[in-house]
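Laboratory data are not the source of any read-out in this text; all were calculated from the coordinates shown. Keep in mind that this is a model prediction, so the values were computed, not measured. Here Cβ is always computed from backbone atoms with ideal geometry, including for glycine, and neighbour counts include all displayed protein chains.
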């Protein structure tokens, strides 16, 4: 049986390879997920410390398992992952502006744009409502 972390690792490797040049270390990172991304390039050590730390819950705050998460970057990159039983997904080792979209037949899709500054692990909580609610 494949590890529940396998989709997370695949997403991490793909995101790291595609986006390693997201920003430079010339300015202090901001924890504000809405802050604009730097235009330079992050150092390898700085990129490794940043990324997306996501969770998906229902309207009662309970974690949702097996939700498809699509993460896209403006350069054309598109990666996918599924939440574990704890409702979590990750995309570590990346920086830049990402669009996160949820897909699940029983819940209304959520689309969120997130900016990940160099070296910052940005928490993202997405709340999904049942279809028709």
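Tabulated values for the structure
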{"quantity": "Ordering of 80-90, 52-62 by burial proxy (mean other Cβ atoms within 10 Å per residue, highest first)", "calculated": "80-90, 52-62"}
{"quantity": "Estimated distance in nm for a label pair at residue 129 and residue 77, the labels positioned 7 Å out from Cα along Cα-to-Cβ", "calculated": "3.3"}
{"quantity": "Residue-span extension gain [residue 57 to residue 101] - 0.36 nm each, minus C-alpha spacing", "calculated": "14.4 nm"}
{"quantity": "Sorted by Cβ neighbour density within 10 Å, fewest at the top, the residues 103, 114", "calculated": "103, 114"}
{"quantity": "Footprinting exposure proxy for 126, 68 (fewest neighbouring C-beta atoms within 10 Å first)", "calculated": "68, 126"}
